[in-house]
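Student: I'd like to ask some things about the structure below.
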Amino acid sequence: MSKILPTCVRRLSHVCTLKPYKETRWLMPNGNPIGAYIYNCVANQKVPVILSDPHVATWYACGPTVYDSAHIGHASCYVKLDIIQRILKTFFNIKLVTAMGITDIDDKIIKKGIDTKTNFTAVAKQYEHEFWLDMSSLNIEKPLIITRVSEHINSIESFVQGLLDSGMAYVAGDGSVYFDTSKFPAYGKLQKMQDSGEPSDEVKKNKMDFAVWKGHKPDEPFWGALWGNGRPGWHIECSAMVSKVFGSQLDFHAGGIDLQFPHHENEEAQSCAFHKTRQWANYWIHVGHLHVKGEAKMSKSLKNTISIPDLLSSYSADTFRMACLMSRYRYTMVYNEDLMKNAEVVLNKFKYFLQQAVVYVNNNDNKASGDYKDKMLENLQNVEEFNFDALKSDFDTASCINSLLNLVNDTNKVIKGDSKDYYPVPVMLIAEYITSVLSRFGLKLQESQDSNVMNSLIDTVVEFRHTVRSSALSSKDKELLSACDIVRDKMKSIKVQINDSNKTASWVFNK
Ligand SMILES: [Zn+2]
């Protein structure tokens, strides 16, 4: 990873020069580098993360349009964003002020209200409530600030008025207000434009112009504005709500890759125009799609969705999060049974290791080795450095998980080996480090209350069997040993694998 700053990058100046709207390059913010590099679509490369306040950053993510239940495509997007937020907070010590916009006024919500003979606001409330329950079940932290379009109509109207006043938008014949892309030469800075040609409908001046206000249509809800009745366009909502809570500049702006164009392009254009600044969002974070094997992107229109409760009836939230951690956030993740089984195996490997580390330390007749500067501690330090470098490089969690697995494999050679040397200190430090990293990634690594009761029951059975088996071994009682084997096999049939050793017996769920 090069730390040489690209020559094409200029420093961001908040003082507007003569032609602010022509700036298509990514402008490096002034301030404090946090040591991380993040991919930015404007620069088309990784760029250093620089914050004006060394320990505080603003973060906005586009939330859902609440007209239907969320599916696992949403789950993968928001879990991956949650992981990145947690990394910024816990590895880089950034106090992140997070906000999410909820689109609760929209064509689809209004149509659903009409179809179900329900007020559209009730439709929006129902699905927003369901959305937060789904996010909670995936252990996604709730944003500190939630902005709803219905609660920010005034901010949106002021934003539109500002664009009209500066001549960057115009009122069209149908009562809608359009952003005039011909007056913003930097349009296309997030995604290169293929064709800006002739307008595709009669009311727009230019093909790429987009509605910041939709003129009123019969039977639709509307709000009164100075230029006419109507309702907000989709893109303007986020710009106006972000400006309301964060002002004229934003550190991180996140969402799914499908939002890069036109949604985020339009947000950047109208926000630069409104605030008369050359760069509004300093860091764009786009999460790759989730695909179902053999099919395209998961979406409602393709009718190939899996709901979040359905997902969690087959796999735990930790397993899904592990699948997300094992893939790079920017790239497409293909959802299938192999992906989930593999994630489950990896998760169980970590859990089993953590159990075994405790057993190793607490049940060992050998003497502790005083040599703490051995290869284990050196290995741990190398892994810590490698992982921090991986996270600095565009949040490479997949490499982190691989290096943690290698650390587990190396340490298992000691735990499971026949060596008479006993290394409780490095083994515990390694277990503690692995627990710490996985927890900081948002894995719970815990069982539910019901599971705790079941675990206690299994512990009791396994301990009792161990006592009986030890006695049978010393008295060479074949009948009793055989009974112990039957218990072991029966437990295995319900996915509880018992591992015998001379001192103790341990067990693990073997899914
Ligand atoms: Zn948005």
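Student: Take the stretch 307-348 and flag every residue that is within 23 Å of Ala254 (Cβ to Cβ) and β-branched (Val, Ile, Thr).
Tutor: Ile308, Thr332, Val334, listed by residue number.
Student: I would also like to ask the following. Just checking, which of Glu268, Glu220 is of a type in the set (D, E, K, R) and assigned to a helix (DSSP H, G or I)?
Tutor: The match here is Glu268.
Student: Which residue pairs have Cβ atoms closer than 7 Å, lie 6 or more positions apart in sequence or on different chains, and pair a first residue in the stretch 98-112 that is more than 14 Å from Gly255 (Cα to Cα) with a second residue that is of a type in the set (D, E, K, R) and within 15 Å of the ligand (Cβ to nearest atom)?
Tutor: Filtered contacts from the stretch 98-112: Asp104/Arg148.
Student: Pick from Tyr331, Tyr315: which is free of Cβ contacts under 8 Å to residues at least 40 places away in the same chain, open to solvent by 10 Å² or more (accessible area, probe 1.4 Å), closer than 24 Å to Arg86 by Cα and of a type in the set (Phe, Trp, Tyr)?
Tutor: On inspection, the qualifying residue turns out to be Tyr315.
Student: Here's something else I'd like to know. Checking the structure you have, find out if any residue of the stretch 367-378 is closer than 30 Å to Glu130 by Cβ, in contact (Cβ under 8 Å) with a residue 12 or more places away in the chain, open to solvent by 20 Å² or more (accessible area, probe 1.4 Å) and not small (Gly, Ala, Ser). Show your work before the answer.
Tutor: Here is the first cut: in the stretch 367-378, the ones closer than 30 Å to Glu130 by Cβ are none.
Checking the stretch 367-378: not a single residue is closer than 30 Å to Glu130 by Cβ, in contact (Cβ under 8 Å) with a residue 12 or more places away in the chain, open to solvent by 20 Å² or more (accessible area, probe 1.4 Å) and not small (Gly, Ala, Ser).
Student: Inside the stretch 214-247, can you point out the residues that are among the aromatic types (Phe, Trp, Tyr) and touching a Leu at 6+ places or on another chain (Cβ under 9 Å)?
Tutor: Within the stretch 214-247, just Trp227 meets the criteria.
Student: Exactly one of these conditions fails for His152: (1) of a type outside the set (S, T, N, Q); (2) open to solvent by 50 Å² or more (accessible area, probe 1.4 Å); (3) out of contact with any Phe, Trp or Tyr (no Cβ under 8 Å at 6 or more places or on another chain); (4) within 26 Å of Lys112 (Cβ to Cβ). Give me its number.
Tutor: Against the list (1) of a type outside the set (S, T, N, Q); (2) open to solvent by 50 Å² or more (accessible area, probe 1.4 Å); (3) out of contact with any Phe, Trp or Tyr (no Cβ under 8 Å at 6 or more places or on another chain); (4) within 26 Å of Lys112 (Cβ to Cβ), His152 comes up short only on (2).
Student: If you go through the stretch 477-495 one residue at a time, do you hit one that is farther than 30 Å from Asn379 by Cβ, surrounded by 14 or more Cβ atoms within 10 Å (Cβ to Cβ) and in contact with a Leu (Cβ under 8 Å, 6 or more places away or on another chain)?
Tutor: Yes, some residue in the stretch 477-495 is farther than 30 Å from Asn379 by Cβ, surrounded by 14 or more Cβ atoms within 10 Å (Cβ to Cβ) and in contact with a Leu (Cβ under 8 Å, 6 or more places away or on another chain).
Student: Would you please list the contacts, defined by Cβ atoms under 6 Å and residues six or more apart or on different chains, that run from a residue in the stretch 389-403 that is free of Cβ contacts under 8 Å to residues at least 40 places away in the same chain to a residue that is buried (at least 23 other Cβ atoms within 10 Å of the Cβ)?
Tutor: Matching pairs, first to second residue: Ala390/Cys400.
Student: Here's a follow-up. Scan the stretch 127-149 residue by residue and report those that are of a type in the set (Val, Ile, Thr) and in contact with a Phe, Trp or Tyr (Cβ under 8 Å, 6 or more places away or on another chain).
Tutor: Step one: filter the stretch 127-149 for residues of a type in the set (Val, Ile, Thr), giving 140, 145-147, 149.
Answer for the stretch 127-149, where residues must be of a type in the set (Val, Ile, Thr) and in contact with a Phe, Trp or Tyr (Cβ under 8 Å, 6 or more places away or on another chain): just Ile140.
Student: Another question about this same structure. If Phe179 satisfies every condition in (1) within 16 Å of the ligand (Cβ to nearest atom); (2) over 16 Å from Gly162 (Cα atoms) but one, which is the exception?
Tutor: Evaluating Phe179 over (1) within 16 Å of the ligand (Cβ to nearest atom); (2) over 16 Å from Gly162 (Cα atoms) leaves (2) as the failure.
Student: Right, Lys111: at pLDDT below 95, part of a loop (DSSP other than H, G, I, E, B) and either more than 16 Å from the ligand (Cβ to nearest atom) or of a type in the set (Gly, Ala, Ser) (or both) or not?
Tutor: It is false that Lys111 is at pLDDT below 95, part of a loop (DSSP other than H, G, I, E, B) and either more than 16 Å from the ligand (Cβ to nearest atom) or of a type in the set (Gly, Ala, Ser) (or both).
Student: Also, I was wondering about something else. Inside the stretch 410-436, can you point out the residues that are open to solvent by less than 60 Å² (accessible area, probe 1.4 Å) and either without any contact (Cβ under 8 Å) to a residue 12 or more places away in the chain or not assigned by TED's automatic domain parsing to the domain that holds Val345 (or both)?
Tutor: If the condition is that a residue be open to solvent by less than 60 Å² (accessible area, probe 1.4 Å) and either without any contact (Cβ under 8 Å) to a residue 12 or more places away in the chain or not assigned by TED's automatic domain parsing to the domain that holds Val345 (or both), then Gly417, Ser436 are the ones that fit.
Student: Next question, about the same structure. Check every one of the strands (runs of 3 or more DSSP E) wholly within the stretch 141-191 and list those with 1 or more residues that are under 30 Å from Ala75 (Cβ atoms) and in contact with a strand residue (DSSP E or B) (Cβ under 6 Å, 6 or more places away or on another chain).
Tutor: Hits in the stretch 141-191: 145-148.
Student: Still on this structure: Among the numbered criteria (1) in contact (Cβ under 8 Å) with a residue 12 or more places away in the chain; (2) assigned to a helix (DSSP H, G or I); (3) over 23 Å from the mean Cα position of the chain (by Cα), which one does Ala122 miss?
Tutor: Against the list (1) in contact (Cβ under 8 Å) with a residue 12 or more places away in the chain; (2) assigned to a helix (DSSP H, G or I); (3) over 23 Å from the mean Cα position of the chain (by Cα), Ala122 comes up short only on (1).
Student: Scan the stretch 251-262 and give yes if some residue there is at pLDDT 95 or above, buried (at least 22 other Cβ atoms within 10 Å of the Cβ), aromatic (Phe, Trp, Tyr) and away from the ligand (no atom under 16 Å from the Cβ), otherwise no.
Tutor: So far as the stretch 251-262 goes, no, none of its residues is at pLDDT 95 or above, buried (at least 22 other Cβ atoms within 10 Å of the Cβ), aromatic (Phe, Trp, Tyr) and away from the ligand (no atom under 16 Å from the Cβ).
Student: Against the condition open to solvent by less than 10 Å² (accessible area, probe 1.4 Å) and either charged (D, E, K, R) or touching a residue at least 40 places away in the same chain (Cβ under 8 Å) (or both), how does Glu202 come out, does it pass?
Tutor: Taking the combined requirement at face value, the residue does not satisfy it.
Student: Same structure, new question: For the stretch 229-250, which positions are within 13 Å of the ligand (Cβ to nearest atom), touching a strand residue (DSSP E or B) at 6+ places or on another chain (Cβ under 8 Å) and in a helix (DSSP H, G or I)?
Tutor: Trp234, His235, Ile236, Glu237, Cys238, Ala240, Met241, Val242
Student: Can you go through Met168, Met208 and tell me which one is farther than 30 Å from Pro33 by Cα, modelled with pLDDT under 95, in contact with a helix residue (DSSP H, G or I) (Cβ under 6 Å, 6 or more places away or on another chain) and not polar (S, T, N, Q)?
Tutor: Unique residue meeting the criteria: Met208.
Student: When you go through (1) under 30 Å from Arg25 (Cα atoms); (2) away from the ligand (no atom under 16 Å from the Cβ); (3) open to solvent by less than 10 Å² (accessible area, probe 1.4 Å); (4) touching a helix residue (DSSP H, G or I) at 6+ places or on another chain (Cβ under 6 Å) one by one for Ala99, which number turns out not to apply?
Tutor: Result: Ala99 passes all but (2).
Student: Against the definition (over 23 Å from Asn32 (Cβ atoms), within 16 Å of the ligand (Cβ to nearest atom), open to solvent by less than 10 Å² (accessible area, probe 1.4 Å) and in contact (Cβ under 8 Å) with a residue 24 or more places away in the chain), how does Val66 come out, yes or no?
Tutor: Criteria met by Val66.
The values are calculated or read from the model by the stated rules, or taken from the named source; none is laboratory data. A quick note: this is a predicted structure, and the numbers were derived from the prediction, not measured. So basically every Cβ, Gly included, is an ideal-geometry build from the backbone, and we count neighbours across all protein chains shown. What goes into the accessible areas is simple: the full protein's heavy atoms, side chains included, and nothing from ligands, DNA or RNA. Shrake-Rupley method; radii C 1.70, N 1.55, O 1.52, S 1.80 Å.
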